[in-house]
Amino acid sequence: MQPRLLPPTSLPLSPQPMVTGSTEVKASVNKLLSTAHSLPCSKGALAFTQMLQPMARFQVALDALLPILDSTTPAEIASRILVSFILYTLYAPHPIAVNPFKSALFVTYTNEREKAVSFATKEGGVSPNEQLVWALWKILKGDGNDIGPYSPSTLARSPLPPKLRAINLVLDDDLYNSISDLDDSAYHYFRNKRGQSAPSDTNRVSQRSSRVATPEYSFERDKQNERLIYAVKLLLAARDRVLNLSEQRTLIPLLPDVASSRMVTSLDITPIVTYNPTIAHPLFVSLITNPNPEPMTFIDVLPHLPPTLASFDLLGRLLRDQSYIKVPGYSTVADFVRLEVLGQFITRCIGWIEQAEREQMEGLISDDRFEKGLQHLCRFFMSLIKLNIVDPNSDTDCAEVCSFCLHYARFEEANSLYRFIMSGGGF
């Protein structure tokens, strides 16, 4: 049963200008939070993302939003609900389990729930923070979008039915509050950086379970966590732009740690391949060679890549990679990709090129993607033969490509590839 909520307001929220300076950023964030209480949470979150560059959002969230989330003033319940929703929506396309602010949200939920339950037990009434507990509970369950249409002030005022009181809102803390997670380390780093005492490990262990060991935090570990957080920020940026050489050198050594943090999803692979194929290669190898519960989710992305130079560059690197892989029946990444990915990739590339030709003939596209895709595929397949990855005498390896080349024999690249295959890899 959902709480009774007032209808979402229809007041418009004007676009926010981009801000860069730290003082200007904090002032703009505070102004946004103070003026967005009567607007839908979704509009407040949209305004936050619009006024910041993508690379700045994570750091601003650390500097400006987490202190508000951690506030203990009852009058700020509406602001804390809005902040919680913004932290959720920054990574909403991904499961809540990989949200870098997951542990911070869970710590707040745990503390606020304990306060609400204690108040109800001692005073026999309803704690003023019950609505905040419910909003955090919804977000941590992955249902944060349900509160998007409602304003923070509406959520803070709306009475909750008995079934949704804090005492009845229980989460499995093992799913949200792992002390070895990257997001948990980031929260500790954030708290320690500001001279505040992070929640003691003893208290956290008692909250979770007595069998979890207490970690020791050190300056060296904090510095490593800082580098890891920066690496995650670079990886997020790699989905939208080409990283410069300095950024690539910083990111590549940390890719195994980023991969093991499980913050990377299959949705990230295609845009990273598009902009940064040199990053995509070691990232992909780390994802399938490091312990990962679902390596096939990343492998299944490869056959669907478009026939672009970046895609062929990645496949070519993987087909020459001799890294050991713990997959039954395969010894290296190259063996696995050749037998499980290459055939599907070639088939889908041919389908993509044929579809592009049809769209060009129908006047739906006016660029040269069809010709470029054909050219890239033919040159890629010829290089595979020269590298002895594909056997030109094998019908299994070459029958489909030969048929493709005959169909497009009017193009020099297809004609040359067909003659190369028929000659057994030589003219």
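For Lys386, the lysines whose Cα falls under 28 Å of its own Cα, not counting residues fewer than eight places away in the same chain, are Lys372. The fraction of all Cα pairs in the stretch 253-379 landing in successive 5 Å bins from 0 to the largest distance is 2, 11, 20, 22, 19, 11, 7, 5, 3, 1, given as whole percents.
Electrostatic bookkeeping for Phe48 treats Lys and Arg as +1 and Asp and Glu as -1; over the other residues with beta carbon under 12 Å from its beta carbon, the sum is +3. Residues of the stretch 259-279 with the amide nitrogen closer than 18 Å to a label point 7 Å from the Cα of Lys326, along Cα-to-Cβ, please. Within reach of a label on Lys326, which here means backbone N under 18 Å from a point 7 Å along Cα→Cβ, the stretch 259-279 contributes 259-263. For the residue pairs Lys102/Lys138; Lys122/Lys163; Lys141/Lys163; Lys31/Lys102; Lys31/Lys141, the C-alpha atoms sit more than 23 angstrom apart in Lys31/Lys102; Lys31/Lys141.
Over the Cα atoms of the stretch 24-179, the radius of gyration divided by the Kirkwood radius equals 0.95; this is the Rg/Rh ratio. Here the stretch 301-423 exposes an accessible surface that is 50 percent carbon and sulfur, computed with a 1.4 Å probe and the other protein chains kept in place.
Leu132 sits among other residues whose Cβ lies under 14 Å from its own Cβ, and their net charge, with Lys and Arg +1 and Asp and Glu -1, is +1. Computed from phi, the 3J(HN,Hα) profile of the stretch 418-423 under the Karplus parametrisation 6.51, -1.76, 1.60 (θ = phi - 60°) reads 4, 5, 5, 5, 5, 7 Hz, with x in place of Gly and Pro. Heavy-atom accessible surface of the stretch 267-345, averaged per residue, reaches 43 Å², computed with a 1.4 Å probe. Charged neighbours of Val285, selected by a Cβ distance under 11 Å, balance to 0 (K, R count +1; D, E count -1).
Computed 3J(HN,Hα) for the stretch 117-122, one whole-Hz value per residue from the Karplus formula 6.51 cos²θ - 1.76 cosθ + 1.60 where θ = phi - 60°, is 5, 5, 4, 5, 6, 7, glycine and proline marked x. Once backbone amide H atoms are built at 1.01 Å from N, Asp321 has Ala334 as its partners under 5 Å, excluding neighbours fewer than 5 places away on the same chain. A 1.4 Å probe over all protein chains sorts Asp70, Asp321 by accessible area into Asp70, Asp321, starting with the largest. Highest mean first, the peptides 76-85, 394-403, 333-342 sorted by other C-beta atoms within 10 Å per residue fall in the order 76-85, 333-342, 394-403.
Peptide packing for 117-126, 254-263 was compared via the average number of neighbouring C-beta atoms within 10 Å per residue; ordered from the highest value, the list is 254-263, 117-126.
The values are calculated or read from the model by the stated rules, or taken from the named source; none is laboratory data. All values derive from a computational prediction rather than experimental measurement. Backbone-built Cβ (ideal geometry, glycine too); neighbour counts: all protein chains shown. All accessible areas refer to the heavy atoms of the entire protein, side chains included, with ligands and DNA or RNA removed. Shrake-Rupley method; radii C 1.70, N 1.55, O 1.52, S 1.80 Å.
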